[in-house]
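The values are calculated or read from the model by the stated rules, or taken from the named source; none is laboratory data. All values derive from a computational prediction rather than experimental measurement. Note that each Cβ is placed from the backbone with ideal geometry, even for glycine, and that neighbours are counted across all protein chains shown. The area values use the complete protein model at the heavy-atom level, side chains included, leaving out ligands, DNA and RNA. Shrake-Rupley method; radii C 1.70, N 1.55, O 1.52, S 1.80 Å.
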Amino acid sequence: MAFGGSEQVSDTPLIPTSIKIVVAGGFGVGKTTLVNTVSEIPPLRTEEVLTEASVGVDEMVAGKETTTVALDFGRITINTQVVLYLFGTPGQNRFWFMWDELAQGALGAIVLVDTRRLDSSFPSIDFFERRGIPFIVAVNEFDGSWPHTMEEVRLALDVDPSIPLVPCDARDRESAKRVLVELVQHTMRRLERTPV
């Protein structure tokens, strides 16, 4: 305890504010890669090998040999008061029943898209729009994909002008961090506009 008019300083350590962020998108768009790239801890991954049994049941992407069956989990400590927890959703349609649980309590979401397969992004966008969860669209720039302007992608996805679209490379830590910063800023702007 401090005396002489000074502020009392507690010896109890501060418990950081936890912020939950969901990383969603279609199968093979780079969700696991993004969480893995930016997490400060070895991420929890629930990946299984794609087998012959999944042919005709699951979407296939050339060169992809595994799929997330539950979630990816990572953590980023911003400072002593704020910690981000990242939850990557499974991309296969048959695992979408888990999305409601993963999205519960989320501050916001990143919808990761691949311009080679934009149609796989519509269910993710619809999911967050219907639930009123703030989200941004991160356009993962895969090798060999056609270069598109963000406005072309916005038109193709029919995304509202208020939703930020951000180019990114899920393999690059700085690029993935910029996506997270954009999501937090977008969510804060949205909260400032919402009447109490």
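List of remarks:
- Solvent-accessible surface ranking, highest first, for LYS31, LYS177 at 1.4 angstrom: LYS177, LYS31
- Sequence of VAL184, VAL22 when ordered by accessible area, the most exposed leading, probe 1.4 angstrom: VAL184, VAL22
- Mean projected area of the convex hull spanned by the Cα atoms of the range 122-189, taken over all viewing directions: 4.9 nm².
- Heavy atoms of PHE142 accessible to a 1.4 Å probe, total area in Å² rounded to 10: 60
- Theoretical FRET efficiency, 1/(1+(r/R0)^6), r = Cβ-Cβ of ARG190 and ASP119, R0 25 Å, to 0.05: 0.40
- Accessible area in the full protein assembly, largest first, 1.4 Å probe, for ARG131, ARG193, ARG75: ARG193, ARG131, ARG75
- Accessible-area value, ILE78, 1.4 Å probe, nucleic acids and ligands omitted, Å²: 100
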